[in-house]
Amino acid sequence: MKQNNDYDEITFALFYDEELDHDEERAFLEALESDQVLRERYEAWTELGTHLAKHFESKELSYSLDHLSDKVMSNLPTDPSWSSSQSVQEVVEEESSTPWWRSWLTPMMVGAIGAAVILIVVQSLTQIKVSSTRSTVLINYPEQGDQAQESPVIWLIDEEENEEDESFDPTSTPDEDDI
C-alpha cells in the first residue's frame, strides 16, 4: 500500500478523471479520509485546475474573431514583391530570355558529379584486398571437483593464410580434418 505522501499530481489527475482502477481508487479515498495534509494538497490541486479553466474560458470569450482574415492581412507587410504573382506572359518572357542550355545543364552536372562519386567509391571498394584467416576455437572443460566450480576456458587461435596453402577457401564448410 502506498504511503500518503507518495501520492502526486498524476494520481490526483487519474482520480479526478476516474481513471484509477477500483482498488487504487478505494486506497486513494481511504488515504484522503485519513490524511488531512493529503486532502489539503488534493483540494489545492483541484482548485488550481478550476481556476485555470475559468481563466482560459474568460480569455477565450474576450477574443473577438470577427473579421479575423482582415486583421491578419492588415498586419502583413505591404511590400508587394513577396506576394505578387507573375502573369503568364511574364513567365514566358523570363523563360525565353534565359539560354536554352541552362535548363538542362544544372541537372546534368549534378548527375555527372553523383556518378563520379559512385564510381570512386566502387573502385576503392574493389581495390581492397580480402585477407582470409583460419580460426580455431579450443574449449577446455576442467574437472569439476566437489568443492570448487570452475568455468570452461575458451581460446581463439587465428592463423594467417600462408603462400603454400592457396587452395584454402574461407567460405567453404569446415572438414573434420580442419577441426
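The values are calculated or read from the model by the stated rules, or taken from the named source; none is laboratory data. In this text, all values refer to a predicted model and were calculated from it rather than measured experimentally. Methodologically, a virtual Cβ is constructed for each residue, glycine included, from the backbone with ideal geometry; neighbour enumeration extends over all protein chains shown.
Summary table below
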quantity: Pairs where the first residue, in the range 120-146, is closer than 17 Å to residue 157 by Cα and part of a helix (DSSP H, G or I) and the second is at pLDDT 65 or above and of a type outside the set (Ser, Thr, Tyr), C-beta under 7 Å, 6+ apart; calculated: none
quantity: First in the range 44-66 and closer than 30 Å to residue 7 by Cα, second anywhere and part of a helix (DSSP H, G or I) and of a type in the set (Phe, Trp, Tyr), Cβ under 8 Å, 6 or more apart; calculated: 45/12; 46/12; 46/16; 49/16
quantity: The range 101-151 - residue that is exposed (fewer than 10 other Cβ atoms within 10 Å of the Cβ) and among the acidic types (Asp, Glu) and, of those, modelled with the lowest pLDDT; calculated: 146
